[in-house]
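K.L.:
Quick one: structure below, then a few questions.
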Amino acid sequence: MNILGIDEILASAKSEAQLTIDKSWSQGRTVFGGLSAALLIQSMMHELPDQRPLRVANFNFIAPLLSQESCQLKVTHLRDGKNVTHLQAQLIQNELVCVQSQACFANDRSSKVNVTNKTPLAFKLPKKPSFLPMIPKVTPNFIQHVSLAIVDGRLPFTGSEQSNISGWMKFKKANKRLTWPHIIALADAWPPTVLQMLRWPKPASTLSWQIEILQPHCHLHPDDWVGYEAITRQASEGYAHCEANIWSPTGELIMLSRQIDAVFA
C-alpha cells in the first residue's frame, strides 16, 4: 500500500483530478472528513485569479467517500468579482456527489471598523500531554497521521459526564508551513465532543460543517501546536451541535467552527 503524507495528497488537489485515498486516511470505510474538506479547499485555491484569502467555507457530507476507490474533484466558479470569489467544489465517486463545499475568498478591505477578539486562550500545552492513542477498532486509521494532545475532556466511550473537549493538534509529518487546508484538516481530527459520554463504541458522522477564518494571513510552522477548544451547544434526538475555537500557539484566535454530527446511540 502506497501511504501518502498530507502534503503529497494536497499537491494533487486540482479540478478534474482523479484521486485514490489510501486506507491509512480512513475513518471506518470512508475517507477522513477533514482530509476531504482540505482537498476541496485546496482545489478551489488552485482556481483563484490571485492570492485572495479564504474567509468562510461550508461543507456537506452527503454520501460515504470510500477509501481505496477512485474519486474526482470538480470545481465550479459561482462568481468571480473584483475582490470576492465564490466557488463550489465537489468530490464525486461512482457518479455520486459525496462531499461538497461552497467557499468565499476575498481580498482585504480598507475599513474604519476594528474590533479585536478579547477572548483569551484559557489553556497551555502541558509538559506531559495526554495524547489520543491508536486503539484498534476504536480510533480511526487517520489518527496515525496526527498528534492530538488532550488538555480537557476525556477519550471517546469513557462514560464522561462532560461534553466539551480542548487540546492541541499538529501533523506528525508536514511541509515547510501550514496552509489553511492543513489547519482545516486538523480541526476535524478531533472526535465528536459527545462520544466521550458513551460507555461503548458507537458511530457518529458529520452532516454539515462551517468554518470562518478570522486571521487569514497568519503563518504557522509545521512544528507549531494549534489549539482547539470545542463545546457542545446541544445534543438531542440523535444530533449534536458543536462550536469550536481554533488558536495559534501564541494565543491568537484564528478560526471559528460550527458542526452538526449525527450520533447513532
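Taken together, the values in this text are just the output of simple stated rules run on the coordinates, not laboratory data. Every value quoted in this text rests on a predicted model; they were computed, and no experiment measured them. Reconstructed Cβ throughout: ideal geometry from the backbone, glycine too, with neighbour counts over all protein chains shown.
K.L.:
Scale the Cα Rg of the stretch 125-251 by the rule-of-thumb value 2.2 N^0.38 Å and send over the ratio, two decimals. Please list the in-between numbers first.
P.N.:
On the way: Rg = 14.5 Å, N = 127, 2.2 N^0.38 = 13.9 Å.
Working it through for the stretch 125-251, the quotient is 1.05.
K.L.:
Something else: Where the centroid of each part is defined by its Cα atoms, how far is the stretch 54-103 from the stretch 150-222 in Å?
P.N.:
Comparing the Cα centres of the stretch 54-103 and the stretch 150-222, I get a distance of 21 Å.
K.L.:
Here are some pairs, LYS176/LYS202; LYS74/LYS176; LYS14/LYS173; LYS23/LYS176; LYS14/LYS127; LYS128/LYS173; which of them have Cα atoms lying more than 32 Å apart in this structure? If you can, show how the numbers build up before the last one.
P.N.:
Details: LYS176/LYS202 37 Å; LYS74/LYS176 27 Å; LYS14/LYS173 22 Å; LYS23/LYS176 25 Å; LYS14/LYS127 40 Å; LYS128/LYS173 21 Å.
Over 32 Å Cα-Cα: LYS176/LYS202; LYS14/LYS127.
K.L.:
For the stretch 193-236, count the residues as N, evaluate 2.2 N^0.38 Å, and divide the Cα radius of gyration by that value, please.
P.N.:
1.64
K.L.:
Place +1 on the Cβ of every Lys and Arg and -1 on the Cβ of every Asp and Glu in the stretch 1-150, take the dipole about the Cα centre, and give the residue among THR116, LEU78, LEU96 whose Cα lies farthest towards its positive end.
P.N.:
Going by the charge dipole, the pick is THR116.
K.L.:
Can you compute the helix-only [θ] at 222 nm over the chain? Use -39500 (n - 2.57) per DSSP H run of at least 4 residues, normalise by all residues, nearest 500 deg cm²/dmol.
P.N.:
Values: 3 runs with 27 residues, N = 265.
Rounded to the nearest 500, it is -3000 deg cm²/dmol.
K.L.:
Right, something else. So what is the diffusion coefficient of the chain in µm² per second by Stokes-Einstein at 20 °C and 1.002 mPa s, using a Kirkwood Rh over Cα pairs?
P.N.:
Numbers: Rh = 18.9 Å.
Value of D from the Cα-based Kirkwood radius: 113 µm²/s.
K.L.:
Beyond 14 Å, how much of the Cα-Cα pair distribution for the stretch 73-112 remains, as a whole percent?
P.N.:
Of the Cα pairs, 53 percent sit more than 14 Å apart.
K.L.:
A further question follows. Could you give the alpha-carbon Rg of the stretch 9-87 over 2.2 N^0.38 Å, rounded to two decimals?
P.N.:
1.16
K.L.:
If you build a Gaussian network model of the chain, linking Cα atoms that sit under 10 Å apart, which residue out of THR119, THR20, THR193 swings the most?
P.N.:
Taking springs between Cα atoms under 10 Å, the residue moving most is THR119.
K.L.:
Ok, one more. What does the charge dipole of the chain about its Cα centre add up to, to the nearest 20 debye, if the Cβ of each Lys and Arg holds +1 and the Cβ of each Asp and Glu holds -1?
P.N.:
460 debye
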